[in-house]
């Protein structure tokens, strides 16, 4: 081999090694970030009796585990809490000194989000699986969910998913359910905890 060919080959090997190392570091960072709020998730799960895998899946979809995330409509934090939801939660919990910006605190954000998920899951207990209904409500609002709950979709979650008219909401529901199933492999709910079925 000529000297220039050897240099090109050596540089290519160095670049390849750096890419491999970089992707390994990036994968480690992603896994670390994904697990960095597990204590907050488990605590909120126990407080409101909401499946931890579901809470974590919502966080994954809403903010990709960024506690400082701010949405286009003013949602903030890990679970992208809206101001009206935060006010409802603060009133229900009788929090006198509460500011919306408090929800940048991961613990408060996850507790508020778990409270809201519990509220939504409770709305749809007369269905075969309240999770898709609650997720659609979380994403698109109750008014839209009520429009999509027609005929068999009133109680059949598979029919309901097919009735969802917003492709972004349908994708949201399906991706969160899929991610929830992924996280269930990690967390087996305590036997005394009755969780929403999937």
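The values are calculated or read from the model by the stated rules, or taken from the named source; none is laboratory data. Nothing here was measured: the structure is a model prediction, and the numbers come from that model. Virtual Cβ from ideal backbone geometry, glycine too; neighbours counted across all protein chains shown.
Structural remarks
- The number of residues in the stretch 125-148 that are crowded, with 19+ Cβ neighbours inside 10 Å and over 22 Å from residue 79 (Cα atoms) comes to 2.
- Residue within the stretch 45-53 that is farther than 18 Å from residue 139 by Cα and surrounded by fewer than 15 Cβ atoms within 10 Å (Cβ to Cβ) present: yes
- Helices (runs of 4 or more DSSP H) lying entirely in the stretch 117-198 (those with 3 or more residues that are under 16 Å from the mean Cα position of the chain (by Cα) and at pLDDT 95 or above): 130-140, 167-184
- Screening the candidates 56, 47 for the property of being in contact with a helix residue (DSSP H, G or I) (Cβ under 7 Å, 6 or more places away or on another chain), closer than 18 Å to residue 172 by Cα and either in a helix (DSSP H, G or I) or touching a residue at least 24 places away in the same chain (Cβ under 8 Å) (or both) yields one hit, 56.
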